1. Test GLN183 against the criterion of being away from the ligand (no atom under 16 Å from the Cβ), polar (S, T, N, Q) and out of contact with any Ser or Thr (no Cβ under 7 Å at 6 or more places or on another chain), and give yes or no.
2. Cβ-Cβ under 9 Å, sequence separation 6+ or interchain: first residue in the stretch 234-251 and without any contact (Cβ under 8 Å) to a residue 60 or more places away in the chain and over 21 Å from VAL165 (Cβ atoms), partner of a type in the set (Val, Ile, Thr) and surrounded by 22 or more Cβ atoms within 10 Å (Cβ to Cβ). Which pairs?
3. Considering only the stretch 196-215, how many residues are near the ligand (Cβ under 10 Å from one of its atoms), farther than 16 Å from ILE3 by Cα and touching a Gly at 6+ places or on another chain (Cβ under 6 Å)?
4. For ARG111, all conditions in the list (1) touching a helix residue (DSSP H, G or I) at 6+ places or on another chain (Cβ under 6 Å); (2) closer than 23 Å to LEU22 by Cβ; (3) among the basic types (Lys, Arg) hold save one; what is the number of the exception?
5. Just give me the residues in the stretch 72-101 being within 16 Å of the ligand (Cβ to nearest atom) and among the charged types (D, E, K, R), in sequence order.
6. THR76 fails exactly one of the following numbered conditions: (1) surrounded by fewer than 18 Cβ atoms within 10 Å (Cβ to Cβ); (2) of a type in the set (Val, Ile, Thr); (3) within 20 Å of the chain's Cα centre (by Cα). What is the number of that condition?
7. For the stretch 157-169, enumerate the residues that are crowded, with 22+ Cβ neighbours inside 10 Å and outside any loop (DSSP other than H, G, I, E, B).
Amino acid sequence: MRIPLIVGNWKMNKTASEAVSLVRELLGRLPDLRGVDVVLAPPFTALESVRGALGAQPRFELGAQNLHWEDQGAFTGEISGPMLKDLGCRYVIVGHSERRTGFGERDEEVRKKIRAALRHGLKPILCVGESSAERDAGRTESVVIGQLEGALADRSPQEVAQVTVAYEPVWAIGTGTAATPDQAAAVHRTLRRQLTKNWSADVGEAVRVLYGGSVTPQNIEPFLESDEIDGALVGGACLIPESFATIACVARARHV
Ligand code: PGA
C-alpha cells in the first residue's frame, strides 16, 4: 500500500521568521507522524529557517515550489536543483498551474525541470489539471494525459517511479470549490492507467497521485477514502497549523 503524502504549498506567504512560528505550532500539534509522509514547501527564502525549526531529526520533509533546469549560470532570479539539495530539500513542486498560467510555463519547461530535479535526487511533484473551459468541453482526460506525457515522456520507468503526480483542477485551486471525490478519483484512475501503459505496472503501482484544490479539514476525509487518492497538495489550509495538522492526522488514520 502506498503511504499517504500530504504536501503544504505555502506559495508566496510567510517571511522566514513567520515560517519558524508556523513550524513550531505544527510540531506541537503533530507529535506522531508514523503512517503519513508530510512535506512542507515554504518560499525559497524560508527554506533555511524551516529546516532549522525542524531540528536534527525532522518529522517533515522539506520541499521547494519551483526550480530552474540549469545547475548554475546567468539566470537572474532563478534557483537551481543543487541549491535546493544543499538546503535539505527532498521534494520540489513542478508545473503548478499558477506557474503555467501566470509565468508562461509550458510542458517544455516542465519537462526540463523534472529532468533537473531527478538529476539531483529531488523528488518532483508534477502538477496537472484542466481549466473549467476544458472540463466543460469534455477535454479533462486529454489535457491531464497531455501534461503527464509532456512532462515525463523521455524519462525511464525508474525515474518516473520517483515522481508524485498532483491532480489539481485549475477551477478548484483557491476557489473554495473542490472537485468531488468521485471527479478526482476518475481522473486519478486515468492517470494511473496511463502510467501503467506508458511505463510499467510497477510504475503504475508505485507513483502516488495526490488531489489538490480547496482541500480543507472539513472535506479531506472522503477524498482519502478512495483507493485512488494517495494524499493531498494543500494551499490555503496549510497556512493554518490546526487545519494542516488535522489534514495530516486524517491521512495517517486512513493508513494505520
Ligand atoms: P488551495 O491551493 O488549497 O488553496 O486551493 C492548492 C494548490 O494550489 O496547490
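The values are calculated or read from the model by the stated rules, or taken from the named source; none is laboratory data. These numbers were taken from a predicted model, which means no experiment stands behind them. Cβ atoms come from the backbone with ideal geometry, glycine included; neighbour counts cover every protein chain shown.
1. On the way: away from the ligand (no atom under 16 Å from the Cβ): no; polar (S, T, N, Q): yes; out of contact with any Ser or Thr (no Cβ under 7 Å at 6 or more places or on another chain): yes.
Taking the combined requirement at face value, the residue does not satisfy it.
2. From the stretch 234-251, the pairs are SER243/VAL234; THR246/ILE220.
3. The number of residues fulfilling the criteria is 1.
4. Condition not satisfied by ARG111: (2).
5. Taking the stretch 72-101 first, the residues within 16 Å of the ligand (Cβ to nearest atom) are 91-101.
Answer for the stretch 72-101, where residues must be within 16 Å of the ligand (Cβ to nearest atom) and among the charged types (D, E, K, R): GLU98, ARG99, ARG100.
6. With respect to (1) surrounded by fewer than 18 Cβ atoms within 10 Å (Cβ to Cβ); (2) of a type in the set (Val, Ile, Thr); (3) within 20 Å of the chain's Cα centre (by Cα), THR76 is out only on (3).
7. The first filter runs over the stretch 157-169 and keeps only residues crowded, with 22+ Cβ neighbours inside 10 Å, leaving 160, 163-169.
Residues satisfying the conditions are VAL160, THR164, VAL165, ALA166, TYR167.
This table checks each residue for (1) closer than 18 Å to PRO4 by Cβ; (2) part of a loop (DSSP other than H, G, I, E, B).
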{"position": "ARG155", "(1), (2)": "no, yes"}
{"position": "TRP171", "(1), (2)": "no, no"}
{"position": "GLY176", "(1), (2)": "no, yes"}
{"position": "ALA184", "(1), (2)": "yes, no"}
{"position": "HIS188", "(1), (2)": "yes, no"}
{"position": "ARG192", "(1), (2)": "yes, no"}
{"position": "PRO217", "(1), (2)": "yes, yes"}
{"position": "ILE229", "(1), (2)": "yes, yes"}
{"position": "ALA232", "(1), (2)": "yes, no"}
